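First the structure, in the form of structure tokens, and then the observations on it.
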Amino acid sequence: MIAFVVNSGSSSIKWELLDVDSGERMRGGIVERIGENGVDHAGAMRVILEELGGGHPDVIGHRVVHGGSRFTTATIVTDEVERAIEELSALAPLHNPANLLGIRAAREAFPGVPNVAVFDTAFHQSIGPAAYTYAIDSAVAEEHGVRRYGFHGTSYQFVSARAAELLGRPLDELRLIVLHLGNGASACAIDGGRSVDTSMGLTPLEGLVMGTRSGDIDAGILFHLGRAGYSLADLDALLNRRSGLTGLAGGNDMRDVLAGVDAGDAASILAFDVYVHRLRRYIGAYLATLGGVDAIVFTAGVGENAARVREAALAGMEWAGIRLDGERNAVRGTTVVSADDSPVAVLVVPTNEELEIARQAAALV
Ligand code: AMP
């Protein structure tokens with residue numbers, strides 16, 4: 001079965017053609033600068049259609065950022081599903097409308113091919129009320145859909161299944177802490193294959209320190225800055241684009257932060273320390289939530305590549321049965337980086353969200 005995977009943003013469409021059975025990526029590309037020169041999403045999709053040379057996929061899988069409380073699993077796109085995704089735009093104003101443009105363009109360009117929406121939030125719908133409820137006026141929360149939804153769900157599904165495979169144990173017996181550390185970063189506690197807590201919330205702003213996002217802050221900071229004259233747009237830009245590693249060290253790339261640490265740059269050292277401190281806080285929280293852990297899994301750009309982040313994140317956790325093997329951890333491409341006598345396995349598992357979207361889409365048709 002051949003799947004066409006679409007990740008439609010406001011100004012670009014990333015796509016991949018995959019053989020679902022072998023997992024092989026056959027073709028892929030990105031159409032950028034949509035919105036400029038009069039090219040819209042439908043036009044971009046026609047460009048992709050031409051690149052595919054008339055070959056038709058069996059199924060089209062779309063990344064959709066926000067599925068709210070309504071979508072608990074991947075779903076075949078109908079007009080009604082499109083309307084629901086549109087209604088959920090209030091929760092993800094930058095992403096859902098752009099995702100929807102990709103869906104509409106694909107339905108038009110590939111008539112007769114089923115389209116499947118795969119939601120970043122769906123995997124976290126298993127989280128219980130104690131973990132997803134914010135302690136605010138419940139009537140306000142209800143009216144505005146304010147609760148924790150969580151993101152990166154597609155990545156967590158892929159990585160947790162792969163971790164179980166690597167450990168040679170059934171996923172439904174495993175307690176996992178998965179750390180998806182990319183430019184956007186989050187953590188997830190997974191019990192028996194079900195998400196039981198995650199660090200991102202109503203939006204992807206909450207939780208870990210990220211490339212340009214602050215992660216957790218005291219909400220009182222917003223009032224403080226608001227009284228000092230910051231507008232909502234200013235605060236949005238500050239927390240989403242000028243915070244995290246960018247805010248502390250001047251750039252969002254962990255490689256530059258690590259180079260700064262080596263050079264003795266005080267701002268880089270602080271950025272690294274804040275990043276790691278937050279990460280360890282979540283690991284500790286999820287150890288408590290899960291009542292112990294069978295494996296800690298690192299994934300995405302930083303998690304897969306930055307050995308020093310992994311080392312610092314887990315340093316001194318032998319008391320919890322977590323023993324990293326320094327040499328294994330230092331070698332890029334190593335999968336099991338814990339010591340042989342470590343009760344808790346530590347794994348590095350490259351994520352593949354496109355393949356997971358392709359698999360979920362294929363499974364539905
Ligand atoms: P992602 O969002 O998963 O593509 O991750 C992108 C981020 O991974 C980049 O912004 C870098 O901060 C980080 N990254 C990529 N390669 C490395 C590396 N070799 N060492 C440290 N960080 C890296």
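Where the convex hull is taken over the Cα atoms of the chain, what is its projected area averaged over directions, in nm²?
Computed as one quarter of the Cα hull surface, the answer is 19.9 nm².
Using modelled amide H (1.01 Å from N, peptide plane; none on Pro or chain starts), what sits under 5 Å from the amide H of Val346, excluding residues fewer than 5 places away?
Those lying under 5 Å, H to H, from Val346 are Ile296, Val337, Ser338.
For Arg27 and Ser11 in one chain, what is 0.36 nm times their gap in residues minus the Cα-Cα distance, to one decimal in nm?
3.7 nm
The stretch 155-190 to the stretch 306-365: how many Å between their Cα centroids?
Using only Cα atoms, the two centres lie 9 Å from each other.
Per 10 Å bin, what percent of the C-alpha pairs of the stretch 1-139 does each bin hold, from zero upward?
Using 10 Å bins, I get a P(r) of 12, 40, 32, 11, 5, 0 for the stretch 1-139.
Can you pull the one-decimal nm distance between simple spin-label points at Asp340 and Ile221, each 7 Å off the Cα toward Cβ?
Distance between the two pseudo-spin positions: 4.6 nm.
Using mean Cβ contacts within 10 Å as the protection proxy, how do 197-204, 139-146 order, highest first?
Peptide ranking by packing, descending: 197-204, 139-146.
With the full set of protein chains in place, find how many percent of the accessible area of the chain is carbon and sulfur; take the probe as 1.4 Å.
51 percent
Can you figure out the FRET efficiency of Ala363 with Leu166, using R₀ = 30 Å and their beta-carbon distance, to the nearest 0.05?
That gives a FRET efficiency of 0.85.
With θ set to phi - 60°, apply the Karplus curve 6.51 cos²θ - 1.76 cosθ + 1.60 along the stretch 20-33 and write out the HN-Hα couplings as whole Hz, x wherever there is a Gly or Pro.
So the Karplus estimates, Gly and Pro as x, are 5, 5, 8, x, 6, 8, 8, 8, x, x, 9, 9, 10, 6 Hz.
What do you get for the angle between helix 153-167 and the principal long axis of the chain? Use alpha-carbon atoms, 0 to 90 degrees, nearest ten.
Helix 153-167 sits roughly 60 degrees off the main axis of the chain.
Counting only heavy atoms of protein chains, what accessible area per residue, in Å², does the stretch 173-234 have with a probe of 1.4 Å?
40 Å²
If you stretched the chain out fully between Ile76 and His144, how much longer would it get, using 0.36 nm times the residue separation minus the C-alpha to C-alpha distance?
21.9 nm
Treating the angle as unsigned and between 0 and 90°, give the value, to the nearest 10°, between the Cα long axis of helix 232-241 and the longest Cα principal axis of the chain.
70 degrees
Based on DSSP H runs of at least 4 residues, each adding -39500 (n - 2.57), what is the mean residue ellipticity at 222 nm of the chain after dividing by all its residues, to the nearest 500 deg cm²/dmol?
-12000 deg cm²/dmol, from helical runs alone.
Please report the Cα spread of the stretch 64-162 along all three principal axes, rounded to whole Å, starting with the longest.
Principal-axis extents of the Cα atoms in the stretch 64-162, largest first: 46, 35, 20 Å.
Residue farthest toward the positive end of the dipole of the chain, with Cβ of Lys/Arg at +1 and Asp/Glu at -1: which of Asn115, Leu279, Ala90?
The listed residue farthest towards the positive side: Leu279.
How far is helix 96-109 tilted off the main Cα axis of the chain, in degrees rounded to 10, range 0 to 90?
Long axis of 96-109 versus the principal axis of the chain: about 40 degrees.
Would you kindly calculate the mean projected area, averaged across all directions, of the convex hull enclosing the Cα atoms of the stretch 162-222, in square nanometres?
Details: hull surface 19.3 nm².
Result: a mean projected hull area of 4.8 nm².
Quick one: if the Förster radius is 41 Å, what FRET efficiency do Glu173 and Asn37 give, using the C-beta to C-beta distance and rounding to 0.05?
Calculated value: 0.15.
Starting from the Cα of Leu270, step 7 Å along the direction of its Cβ; do the same at Ala237; then give the gap between the two resulting points in nm.
Label at Leu270, label at Ala237, 2.3 nm between them.
Any idea what the alpha-carbon Rg over 2.2 N^0.38 Å comes to for the stretch 173-277?
Taking N as the residue count of the stretch 173-277, the ratio is 1.20.
The values are calculated or read from the model by the stated rules, or taken from the named source; none is laboratory data. None of the values given here were measured: they were computed from a predicted structure. Cβ sites come from the backbone with ideal geometry, for glycine too, and all protein chains shown count toward neighbours. Quick note on the areas: whole protein, heavy atoms, side chains included, nothing else; ligands and nucleic acids left out. Shrake-Rupley method; radii C 1.70, N 1.55, O 1.52, S 1.80 Å.
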